[in-house]
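Peer 1: Questions regarding the structure given below will be posed in turn.
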Amino acid sequence: MGLIQYIVSRVGAYLIVLFVGVTITFFLPRLMPSDPIEGYIAQMQNQAGQSMNPETIEELRTSMRKLYGLEGSIVDQYVDYIKRVFISFDFGPSLASYPKPVSEFIFTALPWTLGLLGTALVVSWLIGNIIGLVAGFYHNSRWATLLEIFGVILYPIPYYILALVLILLFAYIWPIFPLSTTILPGPITWEKINSIIYNSFLPALTLVLAGFGWNILGMKALSFANKEEGYVTFARLKGTPSRTIMFSYVFRNSILPQITALALSIGGVFNGALLTEILFSYPGLGLLMRTAIGSGDFNLLYGTIIMSIVSVATAALIIDLVYPLLDPRIRFR
Amino acid sequence: MKMNFRLKLGIFILAFFTLGSLILPLFNDVDPSQQGTYFKNLPISGDHLLGTNTQGQDIFWYLVYSVRNSLILGVGVSIFTTLISAVLGLSAGYIGGWYDRIIMILTDSVIAIPSFPILIVLGTLVRGNTNFFILGLILVIFGWAWGARTVRSMALSIREHEFINTSRFSGSNTVEIIFQEIFPYVFAYMVVGFINSILFVINTEAALAVIGLSKVEIPTLGSIIFWALNYNAMFIGQYMWIVAPVVATVVLFLGLFLTSTGYNQMFATRRGHA
Amino acid sequence: MKKSFLFTVVLALLLVSVGLVSAQEMTDVGTPRNETLIFQTFDRQTQTPDQHNPLMNFAIWRGFRELGWGFLWETDTGTGESYPELAAEMPIPLNDEFTSFEVRLKQGVYWSDGEEFTADDVIFTLDAYRELQGTSTWFGVARINAYVSDYEKIDDYTVRIDTINPAYDFSTVLGVYTWGSAFIIVPEHIFSQVDNLAEFRNTYPVTIGPYTVKEFDPNGFWQLWELREDWERSAWGFLDEDGYMPQYILYKDYGPEETRSLSFVQNAYDVDTFMSPDSIKAAQARNEYITTFSPDMPYHNMDDACGYGVLMNLQRAPLDLPEVRWALALSLDLANVGINSVNGEFVASPLPMVDTQILRPIYFEPLISWLEELTLADGYQPYNANWSAEFVDTLGQMGAQDLPEDPMNFGIGWWKYDPEEAGNLLSSVGFTQNADGIWQLPSGEVWDLEFVIPGDWNKVMQRVGFSIADSWRRAGIQVNVIQVDNAEFGVVQNTNAERVTMLNWTNCIFTPNYLNSWNNVELEYVNDADATDTNSGNQYQWSNATVDQLVKDAKQIETTTEEFRQIGREIIQQFVTDMAYINIMNIPTTIPTNEYYWTGFPKRDNYYAVPYSWWSSVKEIVANIEPTGR
């Protein structure tokens, strides 16, 4: 199999993943027992002042159903949906915030999530792996054990609690960062970028620390295993300096599964996004998802989930295509 | 074959938690999850080893039951996820071809679809009919794919090693190669994966508790954290309520971790390295 | 080289943070802190921050209804009485049937762009409502079109409006009952220029209230209002007496309670919304400027129109039996529920209505002796008139502080906690207990009771719900608690097939006009027990012919008469006898204030309005508060 065939097969798999994802995404929320219209009607009924008489409720219900395009069979809705998503990337209007289109929400939120979580992900991966490598390679030294213990203790702490402790430390006891995010409107200026970094620092830090522990442990186990490989022993006997062994031999081999892990943890990032963004009122996709679920807005829910499927699958594809370059042992057959 | 210190300490911690949480409840006849059994917010005393919480429950007893339930759930789910990911990952990585591609599409789909929203949707579907079995099943569904993909990429890399070819030429069949030659290399990673899986289960269970899919009336490490957060325990000064489950989780993890790395070292020694 | 670079970065970050911290005097959005009144938002984040067109569903929790707008009539939240706002006087009925009214408008009220407010604006809005029927997502459009039959401009400051049915509630439907109005008058000179009213967003609206939108977060976490220069000629500038109004008002989300409580202690904002009792206590211990509504238990204002109660599917076996419903009420240990979920800071109410200072003399006090003599079919007397006194005792034993002298501050009384009698009632209709003490249906199956409560989007209700379930479990009832999201909550509430029991708060009555909540407790709106069609009326789904007739009678009577109120008391008696709805407590509206920058918020000893940040009461609060000068 040549390189071109390899690429074609990977891209094909990528498209299939997207299709499966989009289909599951379409059908699952349809089964949800919540309904944006009933949600809105209940909200209005609950407002102390304005009880609605039954005619009003019926009237409102009918007109909203028609506006939202919730009539017609589920197969029709599905076909229409697949066409719209794949051809024009259109997720329809938000139901809870009709008639604002879902894509408008997504494109407002996406840069925030990608920026915050992308940065946190890469930073925690890099630092975690370097520490893990060192700890695994010099596994007998005392500070390697210390680093490892740090990872072991950090990793199992539930993210929400870790974040709360950091908030207590850096926003309350020693208040150098803000407790909640404030994003000023208006054009991008230096001042605004500054303010965004200042406001994003603490959420990013919590994510970095949360991702840290696992990278340390994973890398440590791998580099420890690889350093016992024959070629490492050979290099050592040959008199190669141990730093070179660590980076050129052990690191190159141990990093492969960790690269796969990085690509795949992007999926988890969107899960982490939910909690981070809720805790810090950070305006990203995660918060959007939560709102969509809370208000039964499934158009918005599809949009956000599909967006994350696309990002994660794309990242996995890129890694797949780059992988052979990093691991020369994989030959194309 | 001598047990090293790590392994001993790890096994000791695990034994302590397992035996403690299984035996202690035999000496207790109060349902720890019942509210208002005692006055609320009592300090630490002989009667209440960790005090009582804002719901009038004894924190110590609630914790004992929590550790027990979480351990059962975590170990049960992790056995399945680790097995599934090892079998699928190894076979896909070694056999390759169409089989590999189908497995990978399956794996990638499970990974690519962010689990949280789907879990919430599932949660509203099963609604009140959640029990530990369904909860475990859901965790298995979302827990295996990550490991499978990692194991596969390891297998992919290892199968290019020379000793595999040697083995192939000497007449071993696929199953033998996978289990005799590739498996031992992957094993170290799998043990780490198993520990990771237990933690994944405990943490995901906590997250599920927050969205109402888990049964938060049943004591687990997740539900205890759920309630402590719900009552803003850190801010109102109920430190024991939140510190106790976190310390328990960390120590429990430490035990699992030491056992696995200790075992790893012992394994490496036996193989004649290091 | 590398080290020095790192050092520079760290230094720069520190400088940035220190710089922003030392600028404490400014708010996050760049206004002087001591000129900015800050509310925690009611809904945390809005998805439609740029949507300020009130002809469509809009961002309703961002001060729009209170600061940006004015209505024909407003409600004085302290007394429950209506007063004219944009109107010059109360509506003048033109016929004996109460279906035609003359509305006189104030002269000299101006929109924020300098145009005068006139009858043309009113007529234009009524026209727009008709035009948008079926395409508008704002409930008011359907509401007003189903209410108003005809209208006509008489002169620039007078209109005539006719209604379809007798309209004794004219001033609260076209004006305000408590929370806002269905009828939001838009500026004719702006909206008549718009081609498609349904798509118009009106992002920076021309307002009629004293404030205009200065800025808002495109992500929907905050919105900043600025005082108009000519605020005195706005819709409600007349409320202010001392000539001072805050220059800026900010609605902002400070995050979930865990982080919000920290911001509150740091004086970052002034008024919180629904912080939980334990957190408020802890916050007060850390900051002396944080105050509650009253220095005595139960500390908070309990005059909200809505209460918490258990809504049941009255037609689904076994809940169709009054004995079973009474058993649920009698096995609910309210004292314990209240202590564990809201720290004992609540007001109990045995009647299907909130026990507030407006309603107590009219509906509660006259019924006390009836309650005391109330007997169930088996001769049992369920009412515990001593409930409040006993509750105060219990709190005292627990070491609670600030107990009130009058136990009635916790309510007039509640039902006895008597699982034994509950058991008798259940046995009397064929229930049995299994070996574990769990109640079984007459068929011999375990009675598995489904109980729907809000998830963490309403933490206080979530806690109350779990505590109630705990109480029932102790009485041997197997309860399956289901936490649901907001939208699903609405579905369960309005669909019989989905509903067994749920903790609900939609039983809302603020003024003595109970028809606000009970106008459709009529037979024609009762669906089948397992109907999948959504219900449009009678939220209790209660078939009671007596009540049906009483409601129909009440609609023909003026709402301020004694006769109208007597009918109300009779409806209440029916509710209780049938136990058609287990009312539990008034909503504990925990609105702590931070008086570091502002003072003069509504408190028990200065009760000019309810303290809520999401009702018309905000108008009075804004007009009454004063800067502390810090």
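Peer 1: Quick check on chain A: helices-only [θ] at 222 nm, where DSSP H runs of length 4 and up contribute -39,500 (n - 2.57) each and the sum goes over total residues. Nearest 500, please.
Peer 2: Helix contribution divided over all residues of chain A: -24500 deg cm²/dmol.
Peer 1: Right, next: Give the angle, between 0 and 90 degrees and rounded to the nearest 10, that separates the Cα long axis of helix B:97-112 from the longest principal axis of the Cα atoms of chain B.
Peer 2: That works out to roughly 20 degrees.
Peer 1: To continue, here is another question. Cα to Cα, under 18 Å, and not fewer than 8 places away if on the same chain: which lysines meet these conditions relative to A:K238?
Peer 2: The qualifying lysines are A:K227.
Peer 1: Using a simple spin-label model with points 7 Å from Cα along the Cα→Cβ vector, what separation in nm is obtained for B:N4 and C:A198?
Peer 2: Distance between label points: 7.2 nm.
Peer 1: Taking only C-alpha pairs under 8 Å that are 6+ residues apart, what is the relative contact order of chain B in percent?
Peer 2: Relative contact order here is 30 percent.
Peer 1: Oh, and also: What ranking do A:S311, C:S543, C:S234 get, fewest neighbouring Cβ atoms within 10 angstrom at the top?
Peer 2: Details: A:S311 22, C:S543 18, C:S234 25.
In increasing order of surrounding Cβ atoms, one gets C:S543, A:S311, C:S234.
Peer 1: Quick one: Kirkwood hydrodynamic radius for region A:134-191, alpha-carbon pairs, angstrom, one decimal?
Peer 2: 14.8
Peer 1: Continuing with the same structure: Given springs between every Cα pair under 10 Å in a Gaussian network model of chain A, which of A:G186, A:G128, A:G118 has the largest fluctuation?
Peer 2: Comparing A:G186, A:G128, A:G118 in the GNM, the peak value goes to A:G186.
Peer 1: Counting only C-alpha contacts under 8 Å and six or more residues apart, can you give the relative contact order of region A:102-331 as a whole percent?
Peer 2: Details: 248 pairs, mean separation 65.6, N = 230.
Relative contact order comes out at 29 percent.
Peer 1: Now for a different question. Using just the Cα positions, wrap region A:153-274 in a convex hull and report its mean projected area in square nanometres, one decimal place.
Peer 2: 10.8
Peer 1: So which lysines pass the test for A:K192, namely a Cα distance under 26 Å, with those fewer than 8 places away in the same chain ruled out?
Peer 2: Counting by Cα, and skipping residues close in sequence, A:K192 has these lysines nearby: C:K214, C:K252.
Peer 1: Cα atoms only: what Rg and Dmax, in Å, come out for region A:102-331?
Peer 2: 20.3, 66
Peer 1: Within region B:1-66, list the trypsin sites (Lys or Arg not before Pro) lying in a DSSP loop whose Cβ has at most 13 other Cβ atoms in a 10 Å radius.
Peer 2: Answer by residue number: B:K2.
Peer 1: What value, in deg cm²/dmol to 500, does the helix sum -39500 (n - 2.57) over DSSP H runs of n ≥ 4 give at 222 nm once divided by the residues of chain C?
Peer 2: Computed mean residue ellipticity for chain C: -8500 deg cm²/dmol.
Peer 1: Follow-up question, since we're still on this one. For every other residue with a beta carbon closer than 14 angstrom to the beta carbon of A:G303, add +1 if it is Lys or Arg and -1 if Asp or Glu, then tell me the sum.
Peer 2: Summing Lys and Arg as +1 and Asp and Glu as -1 gives 0.
Peer 1: Determine, for C:D270, C:D605, C:D230, C:D304, the number of other Cβ atoms within 10 Å of each Cβ, and report the residues in order from fewest to most.
Peer 2: C:D605, C:D230, C:D304, C:D270
Peer 1: Something else: Relative contact order for chain C: what is it in percent, counting Cα pairs under 8 Å that are at least 6 residues apart?
Peer 2: It comes to 18 percent, rounded to a whole number.
Peer 1: Suppose R0 equals 60 Å; then what is the FRET efficiency for A:V322 and C:N287 from their Cβ-Cβ distance, rounded to the nearest 0.05?
Peer 2: Details: r = 54 Å, r/R0 = 0.90.
In this case the efficiency is close to 0.65.
Peer 1: Please compute the Kirkwood hydrodynamic radius of region A:72-120 from all pairs of different C-alpha atoms, in Å with one decimal.
Peer 2: Details: mean 1/r = 0.0803 Å⁻¹.
Every distinct Cα pair counted, the radius reaches 12.5 Å.
Peer 1: Which loop chymotrypsin sites (Phe, Trp or Tyr not before Pro) in region B:22-88, with loop taken from DSSP, have no more than 14 other Cβ atoms within 10 angstrom of their Cβ?
Peer 2: In loop regions of region B:22-88 (DSSP not H, G, I, E or B), the sparsely surrounded chymotrypsin sites (Phe, Trp or Tyr not before Pro) are B:F39.
Peer 1: With each run of n ≥ 4 DSSP H residues scored as -39500 (n - 2.57), what mean residue ellipticity at 222 nm is computed for chain B after dividing by its residue count and rounding to the nearest 500 deg cm²/dmol?
Peer 2: -24500 deg cm²/dmol
Peer 1: Using the Kirkwood radius built from alpha carbon pairs, what does the Stokes-Einstein equation give as D for region A:52-163 at 20 °C and 1.002 mPa s, in µm² per second? Walk me through the numbers on the way to the answer.
Peer 2: Working: Rh = 19.5 Å.
Reported coefficient: 110 µm²/s.
Peer 1: Further question on the same structure: Using a basic spin-label model with each label point 7 Å from the Cα along Cα→Cβ, how many nm lie between A:F86 and C:N95?
Peer 2: With each label point 7 Å from Cα toward Cβ, the separation is 6.3 nm.
Peer 1: Now, a different point. Would you list, by chain and number, the aspartates and glutamates whose Cα falls below 17 Å from the Cα of A:K100, excluding same-chain residues fewer than 8 positions away?
Peer 2: List returned: A:D90, A:D297, C:D50, C:E199, C:D217.
Peer 1: What is the local net charge at C:L67, summed over the other residues whose Cβ is closer than 12 Å to its Cβ (Lys, Arg +1; Asp, Glu -1)?
Peer 2: Value of the local net charge: +3.
Peer 1: Can you pull the Kirkwood radius for chain C, inverse mean 1/r over Cα pairs, to one decimal in Å?
Peer 2: 26.4
Peer 1: What list of whole percents do you get for P(r) of the protein assembly as shown, with Cα-Cα distances grouped in 20 Å bins up to the one holding the largest distance?
Peer 2: For the protein assembly as shown, the pair-distance distribution reads 10, 38, 35, 14, 3, 0.
Peer 1: I would also like to ask the following. What do you get for the angle between helix B:59-95 and the principal long axis of chain B? Use alpha-carbon atoms, 0 to 90 degrees, nearest ten.
Peer 2: Around 10 degrees separate the two axes.
Peer 1: Grab the beta carbon distance between C:L523 and C:E558, set R0 = 25 Å, and tell me the FRET efficiency rounded to 0.05.
Peer 2: Here the calculated transfer efficiency is 0.50.
Peer 1: A further question on this structure: Determine the sum of side-chain charges near C:E420: Lys and Arg each +1, Asp and Glu each -1, restricted to other residues whose C-beta is under 15 angstrom from that of C:E420.
Peer 2: Net charge in that neighbourhood comes out at -3.
None of the figures in this text is laboratory data; all of them are computed from the coordinates on show. All of these numbers come straight from a predicted model, not from anything done at the bench. All Cβ positions, glycine included, derive from the backbone under ideal geometry; neighbour counts span all protein chains shown.
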